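Below is one structure, written out as structure tokens; the observations come after it.
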Amino acid sequence: MASEPHDTPDQTSEPSVRPDRSDAENAVRTLIRWAGDDPTREGLLDTAARVVRSYEEFLPVISRTRCRPCRAPFPRWMAMTR
């Protein structure tokens, strides 16, 4: 699949600012629209908030379980190789 050109500025030149909850929820809504669905339909109204909450619960676990020698989220033996 070829990537399409875009007018997004080079993000490496801007200082890193952590997005807030609203930014994260908007990103989830964007992905839902990208997938061809309507994030405002009844069955998806709370989806963005649920996804963000699940990441809030999941990400701290990943950072606590990183293996010390390699700083990878999983032990080296679980890494996929080519």
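The values are calculated or read from the model by the stated rules, or taken from the named source; none is laboratory data. Just so we're clear, the structure is a prediction, and the values are computed from it rather than from any experiment. Glycine gets a Cβ as well: all are built from the backbone with ideal geometry, and neighbour counts include every protein chain shown.
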Enumerate the pairs (first residue in region 7-33 and over 17 Å from residue 44 (Cα atoms); second residue anywhere and at pLDDT 80 or above and loosely packed, with under 12 Cβ neighbours inside 10 Å) with beta-carbon separation below 6 Å, excluding pairs fewer than 6 apart on the same chain, so at least 6 apart or on different chains.
-> none
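Take residue 22 and decide whether it is part of a loop (DSSP other than H, G, I, E, B) and either surrounded by 10 or more Cβ atoms within 10 Å (Cβ to Cβ) or modelled with pLDDT under 85 (or both). Before the answer, list the steps.
Numbers: part of a loop (DSSP other than H, G, I, E, B): no; either surrounded by 10 or more Cβ atoms within 10 Å (Cβ to Cβ) or modelled with pLDDT under 85 (or both): yes.
Considered against the rule, which asks whether it is part of a loop (DSSP other than H, G, I, E, B) and either surrounded by 10 or more Cβ atoms within 10 Å (Cβ to Cβ) or modelled with pLDDT under 85 (or both), residue 22 comes out as no.
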